[in-house]
Amino acid sequence: MNSKERSDQIFGGSFLIGLAILFITGYWWPGIMFVIGISMLLRTINAGKSWSSDHSALIVLGIGVVFGLPIFTGNWLPLLFIALGVYVLFGDEVRGYFGKHDSRESQRSEKSKNDML
């Protein structure tokens, strides 16, 4: 069995255990967000990556926290979802625009500068 298959098994098993806990407790919302987020993090960790590298899982957990706390209610929540969606879609481009440069691009520009001399 390869690593991807094992990671998928970890995700499926933890998700089913989480669903069982939700059935027992009746804590469906935002509990389902915690179950999904934790299952995604366990899959990421089993794949040998850092838990903080799975931005999608952290966003899902963040949504669970926002809806789990009673002080975070109101009409601004759709704006939060829009902001999170934009971050998921364009996060790499935005980070690149604000200072994170591609090393290959900087190497190309260095090479072209040297070729001109």
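Details
- Listed by first and then second residue, the pairs linking a residue in region 44-64 that is more than 19 Å from Glu5 (Cα to Cα) and touching a residue at least 24 places away in the same chain (Cβ under 8 Å) to a residue that is open to solvent by less than 60 Å² (accessible area, probe 1.4 Å) and in a loop (DSSP other than H, G, I, E, B), with Cβ atoms under 8 Å apart and 6 or more places separating them unless they lie on different chains, are Ile63/Pro30; Gly64/Pro30.
- Selected residue [open to solvent by 90 Å² or more (accessible area, probe 1.4 Å), modelled with pLDDT under 90, in a helix (DSSP H, G or I) and not acidic (Asp, Glu)] from Lys4, Lys49: Lys4
- Residues in region 23-66 that are among the β-branched types (Val, Ile, Thr) and within 21 Å of Ile82 (Cα to Cα): Ile32, Ile36, Ile59, Val60, Ile63, Val65, Val66.
- Qualifying position, being open to solvent by 60 Å² or more (accessible area, probe 1.4 Å), at pLDDT 80 or above, closer than 21 Å to Gly13 by Cβ and part of a helix (DSSP H, G or I), among Leu42, Leu61: Leu42
- Of all residues in region 8-35, those being under 16 Å from the mean Cα position of the chain (by Cα) and either open to solvent by less than 50 Å² (accessible area, probe 1.4 Å) or in contact (Cβ under 8 Å) with a residue 60 or more places away in the chain (or both) number 3.
- Some residue of region 82-95 being open to solvent by less than 50 Å² (accessible area, probe 1.4 Å) and either farther than 30 Å from Asp8 by Cβ or modelled with pLDDT under 80 (or both): yes
The values are calculated or read from the model by the stated rules, or taken from the named source; none is laboratory data. Being a predicted model, the structure only gives us computed values, none of them experimental. Glycine gets a Cβ as well: all are built from the backbone with ideal geometry, and neighbour counts include every protein chain shown. The area values use the complete protein model at the heavy-atom level, side chains included, leaving out ligands, DNA and RNA. Shrake-Rupley method; radii C 1.70, N 1.55, O 1.52, S 1.80 Å.
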